Amino acid sequence: TKLDLIYSTELHGRSLASLYDKCGRYKNTITLVEVLTGGNESTVVGMFATEPWTKNIAPFGDGECFLFRASPDAKCFKWTPDLTFDLESNTVREQFMVATNDYMAMGANTDGTHGLMLGQDLIIGESHRALGFENEPLQGIGQPAFSIGILEVYRFVREIDGKSSDDGKPIWDLSGM
């Protein structure tokens, strides 16, 4: 399996409409976000989405979605269910993917913040601890908002025949993490 670039701010501009247009046909995508920190060290964060990124009036996706920081200090934050049966908490906890005209996000909190949120113009992002993912702020402790450098979305393609890996089988085995 290899990665195929389907959206880049460098090639397609900075708008959610363009991102939704390019990514709306593909399941199992990885979004990589360069966080501009002003320092010398590069920070790259992201999310794995099981469903296509398309505008939707309701949250979507499933528990196979996850958040991650690729650098520095690579970490993966898998979703875990809450077995306490707290309806309000579980409703928020299961907001895996959110895609509106104003932002796209993964993970949610009762105060309206998200595990990773990217603004409409793909210039500003935010990361907060999210219910279910129990992540730390992906860009690091401090200011939750950050400037976005390059943003790219990739899909998985089988090397043998060049076909998409959207066959419904899990892409990741995270059982050992």
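The values are calculated or read from the model by the stated rules, or taken from the named source; none is laboratory data. Computed from a predicted structure; not experimentally measured. Ideal geometry is used to build each Cβ from the backbone, glycine not excepted, and the neighbour counts take in all protein chains shown. The accessibility values were calculated without ligands, DNA or RNA, using every heavy atom of the protein model including side chains. Shrake-Rupley method; radii C 1.70, N 1.55, O 1.52, S 1.80 Å.
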(request) Considering (1) at pLDDT 95 or above; (2) β-branched (Val, Ile, Thr); (3) open to solvent by less than 30 Å² (accessible area, probe 1.4 Å), say which one residue 54 fails and leave the rest. (result) (3)
(request) Run residue 101 past the list (1) outside any strand (DSSP E or B); (2) out of contact with any helix residue (DSSP H, G or I) (no Cβ under 8 Å at 6 or more places or on another chain); (3) at pLDDT 70 or above and report the number of the one that doesn't hold. (result) (2)
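So that you can scan it fast, the table gives a plain yes or no per residue for (1) exposed (fewer than 14 other Cβ atoms within 10 Å of the Cβ); (2) without any contact (Cβ under 8 Å) to a residue 40 or more places away in the chain:
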| site | (1), (2) |
| --- | --- |
| 96 | no, no |
| 100 | yes, no |
| 106 | no, no |
| 113 | no, yes |
| 124 | no, yes |
| 128 | no, yes |
| 131 | no, no |
| 137 | no, yes |
| 145 | yes, yes |
(message) Between a residue in the range 20-31 that is under 20 Å from residue 101 (Cβ atoms) and of a type outside the set (Asp, Glu) and any residue that is assigned to a helix (DSSP H, G or I) and open to solvent by less than 20 Å² (accessible area, probe 1.4 Å), which pairs come within a Cβ distance under 7 Å, given they are 6 or more apart or on different chains?
(response) 29/23
(message) Could you check the range 24-47 and list, in sequence order, the residues that are farther than 19 Å from residue 135 by Cα and either surrounded by 19 or more Cβ atoms within 10 Å (Cβ to Cβ) or not aliphatic (A, V, I, L, M) (or both)?
(response) 24, 25, 26, 27, 28, 29, 37, 38, 39, 40, 41, 42
(request) Mind listing whichever residues of the range 60-74 are closer than 16 Å to residue 141 by Cβ and either open to solvent by 60 Å² or more (accessible area, probe 1.4 Å) or modelled with pLDDT of 95 or more (or both)? (result) 67, 69, 73
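Conditions tested, residue by residue: (1) surrounded by 13 or more Cβ atoms within 10 Å (Cβ to Cβ); (2) touching a strand residue (DSSP E or B) at 6+ places or on another chain (Cβ under 8 Å).
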| residue | (1), (2) |
| --- | --- |
| 15 | yes, no |
| 49 | yes, yes |
| 58 | no, no |
| 76 | yes, yes |
